[in-house]
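Student: Below: one structure in structure tokens.
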Amino acid sequence: MKFPEVSPSRAECQRQIVDALRSEGARLYVDASVLIHCYEMSRSACEELLAALTSLEKRVRVPVWSAQETWDVTRELPNKRPLKQKAAALKKRLQDFRAESLRYIDEQTFGDITLEEYTTAINEAVTKLEDLARRVEGIEPGHEDANAQLLPFIAERSVPSNMLEIFSEVQRTGELRFTHEVPPGFADGGTKAPTLQEDGSEEQNSQPKGKKKNRYGDLIMWLEALQDCAREKAQHLIVLTRDNSKRDWVYRPERIKDDEGKLLQNGGLVTLPLPLLTQEAMQRCAVLEGVHVLSLEMFTQVMRTSFGARVGSLGRALQSANRPRPTSRSERAAEQLPLAIDGVAQDISFSSQDMIYEPTADEMATSIGRQILGLHTEGWEAQNEAANILLDLVPSATPSELKQIGRGIIVASNEDAIGPIELAQQVLENTELSATTRANLLVGMLAETYFDENGEPKKPEAYPEIISMLFAHANDVATRPAYQCAVEDRLGLIRKFYLGLPGEAPHEIRLELLLNGRVLRGVQADGVELLESEAPHSRRIGLGSRTEEISVSDLVEVIAREFVVRVDMLRVDGPTNFLIEVPPRLGFIAWGPATGERLR
């Protein structure tokens, strides 16, 4: 039996997943939880998910039971305008609250505002919330659009399972598997443990535990996957699920190793199949080499970083339901906020020592130290929670801590976590914080973007919203010293290796698209070629092995993210709303200070 590592390497886990997804012998089975989630996301998020799955071509399979569970859900979807009643109820409660609050308030109630000021404020707040409610009350869920995309997708990839054979096996072995906790799905079935009587005897309990409906769903889907893998002689069995916390499928290591072998907390991104799951798969499928159980979060990150998938809307949709509510400025203790300072930030510096963070035991005992590490934890939930907590702690952070928070923001946002991006935005735009506080945060953000762990210049990487922030705040006189020490002093002499750097004089970059009919053959930026025809997988623009269509405006956004410049810095002559074709091997050139490739 093969046991998973106690603290596996993050990079190795992701490499194995990427290799499996690229293998022609891979079979990825989509759980019903993933398909059903298409009805709970925006249209763009649904389209991005299905496009990413479609790019894997024949590797993707939909078990019959996943299809059946999805079909059952489609028949119970909410009626049109599901927010109409909720909006009406909210408006009524707002009106009631306004009326009741004004009954108990007079000129002596508050020491800082008058009755007239409170009345004006409550009226404005209620009016604003009522307006927001009116905006959404008429929204109709895009279920028809989801059906139009999802149902054909399922039909084209349905596994030709022998369901009678599978049902027969479930009937014979289902309860036995559950009793002995044989994965998968044992948490959904079995019977409750015996009850201990006063005389010391045990009373057997026949009451079922777990689900009362569809108790064997996970097991049926698993047996379908095994049957299909054995028939197709698959080399890699991959299960894609939305729920990566179920202990009857996966083992979630508490800690994982980073690229340097250091141990990090695992927030749930890395999951490994239970040993019995792998054992059964290897026995039933003769040529199988590996088993993977992927969360949607891991799938999204792998598809973006290794396959070039455009999954920004999908990443936001997956985080929206589980993110903690941001703390508003009014909820923070007033004494934590420094007085506004209109001057320029003072004593701002950057050195290679700022790229090293090895907190002492005393530092780890502080909330700031723990949350800085939280930004480096694997998994959106942990990263978003750390960002939410840090919002209150930033005013009291030291310059060194602020730099490490800035670095952590870049690390987490590059993994598509949304909370850290909002943390950066709220801190940098909060003029109640001192310029020195904001500048030190910017030093950390710039450092992690443009320098490696040794403090040497590297090929930069940043999330589009982060890129916009870095360039926008370069024009802020108060925080300008951050750019002088981290960009101008360190990168000024090698600026030609970058398409643009924050803090430079504003300039426009002219893009010229080289087309053969509608087929893209190259892109030049002010005469410098940015693409090559035979790029490796990691630098390709398209997803799969086929020609892909993309709008010119979307291509410009992809170029801006690759070369870490603002979209509005790039100019294409002529219209940008038409589609062009991208050959499957076309991708970006190798660039960055280590390559010697000049971009201007």
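The values are calculated or read from the model by the stated rules, or taken from the named source; none is laboratory data. It should be emphasised that the depicted structure is a prediction, and the values quoted were computed from it without experimental measurement. For neighbour counting, all protein chains shown are included, and Cβ atoms are generated from backbone atoms with ideal geometry for every residue, glycine included. The protein model used for the area step is the full one, side chains on, heavy atoms only, and it has no ligands, DNA or RNA in it. Shrake-Rupley method; radii C 1.70, N 1.55, O 1.52, S 1.80 Å.
Student: What is the number of the single condition among (1) modelled with pLDDT of 90 or more; (2) surrounded by 15 or more Cβ atoms within 10 Å (Cβ to Cβ); (3) closer than 20 Å to SER158 by Cα that ALA45 does not meet?
Tutor: (3)
Student: Looking at this structure, is GLU69 over 15 Å from LEU314 (Cα atoms) and touching a Gly at 6+ places or on another chain (Cβ under 9 Å)?
Tutor: On the way: over 15 Å from LEU314 (Cα atoms): yes; touching a Gly at 6+ places or on another chain (Cβ under 9 Å): yes.
So GLU69 passes the test.
Student: Which members of segment 1-37 meet the condition of being at pLDDT 90 or above, loosely packed, with under 15 Cβ neighbours inside 10 Å and part of a loop (DSSP other than H, G, I, E, B)?
Tutor: Listed by number, the list holds a single entry, GLU24.
Student: If I go through segment 499-533 residue by residue, how many of them are part of a loop (DSSP other than H, G, I, E, B) and open to solvent by less than 60 Å² (accessible area, probe 1.4 Å)?
Tutor: Residues meeting the conditions: 8.
Student: Right, next: List the helices (runs of 4 or more DSSP H) that sit entirely inside segment 347-447 and contain at least 3 residues that are in contact (Cβ under 8 Å) with a residue 40 or more places away in the chain.
Tutor: Values: elements: 361-364, 367-376, 380-393, 399-414, 419-428.
Result: 367-376, 380-393, 399-414, 419-428.
Student: Further, regarding this structure: If you take the residues of segment 385-394 that are farther than 16 Å from GLY444 by Cβ and in contact with an Asp or Glu (Cβ under 9 Å, 6 or more places away or on another chain), which of them is surrounded by the fewest Cβ atoms within 10 Å (Cβ to Cβ)? Step through it out loud before you land on a result.
Tutor: Looking only at segment 385-394, we keep the residues that are farther than 16 Å from GLY444 by Cβ, and these are 385, 388-389, 392.
From what is left, the residues that are in contact with an Asp or Glu (Cβ under 9 Å, 6 or more places away or on another chain) are 388, 392.
On the way: ASN388: 20, ASP392: 16.
Going through the qualifying residues, I end up with ASP392.
Student: Another question about this same structure. Taking SER538, is it open to solvent by 70 Å² or more (accessible area, probe 1.4 Å), in contact (Cβ under 8 Å) with a residue 12 or more places away in the chain and in contact with a Pro (Cβ under 8 Å, 6 or more places away or on another chain)?
Tutor: no
Student: Let me ask something else. With the condition kept exactly as written, say whether any residue in segment 556-571 is open to solvent by 70 Å² or more (accessible area, probe 1.4 Å), within 30 Å of LEU56 (Cβ to Cβ) and of a type in the set (D, E, K, R).
Tutor: Among the residues of segment 556-571, at least one is open to solvent by 70 Å² or more (accessible area, probe 1.4 Å), within 30 Å of LEU56 (Cβ to Cβ) and of a type in the set (D, E, K, R), which makes the answer yes.
Student: Same structure, new question: Which of the residues spanning segment 73-102 are open to solvent by less than 50 Å² (accessible area, probe 1.4 Å) and under 30 Å from PRO160 (Cα atoms)?
Tutor: Initial filter on segment 73-102 (open to solvent by less than 50 Å² (accessible area, probe 1.4 Å)): 73-74, 77, 87, 91, 94, 98, 101.
VAL73, THR74, LEU77, listed by residue number.
Student: Another one. Please find, within segment 509-530, the residue that is farthest from LEU21 (Cα to Cα) out of those that are touching a helix residue (DSSP H, G or I) at 6+ places or on another chain (Cβ under 9 Å) and in contact (Cβ under 8 Å) with a residue 40 or more places away in the chain. Break it down into steps so the answer makes sense when it comes.
Tutor: Filtering segment 509-530 down to residues touching a helix residue (DSSP H, G or I) at 6+ places or on another chain (Cβ under 9 Å) leaves 509, 511, 513, 520, 523, 525, 530.
Adding the requirement that they be in contact (Cβ under 8 Å) with a residue 40 or more places away in the chain leaves 509, 511, 513, 520, 525, 530.
Values: ILE509: 36, LEU511: 34, LEU513: 31, LEU520: 26, ALA525: 33, LEU530: 27 Å.
Taking the candidates together, the pick is ILE509.
Student: Examine segment 476-498 for a residue that is modelled with pLDDT of 95 or more, part of a loop (DSSP other than H, G, I, E, B) and within 25 Å of THR576 (Cα to Cα), and state whether such a residue exists.
Tutor: Yes, segment 476-498 contains at least one residue that is modelled with pLDDT of 95 or more, part of a loop (DSSP other than H, G, I, E, B) and within 25 Å of THR576 (Cα to Cα).
Student: For VAL287, are the conditions met, namely being touching a strand residue (DSSP E or B) at 6+ places or on another chain (Cβ under 6 Å), assigned to a loop (DSSP other than H, G, I, E, B) and modelled with pLDDT of 85 or more?
Tutor: Working: touching a strand residue (DSSP E or B) at 6+ places or on another chain (Cβ under 6 Å): no; assigned to a loop (DSSP other than H, G, I, E, B): yes; modelled with pLDDT of 85 or more: yes.
No; evaluated as a whole, the condition is false for this residue.
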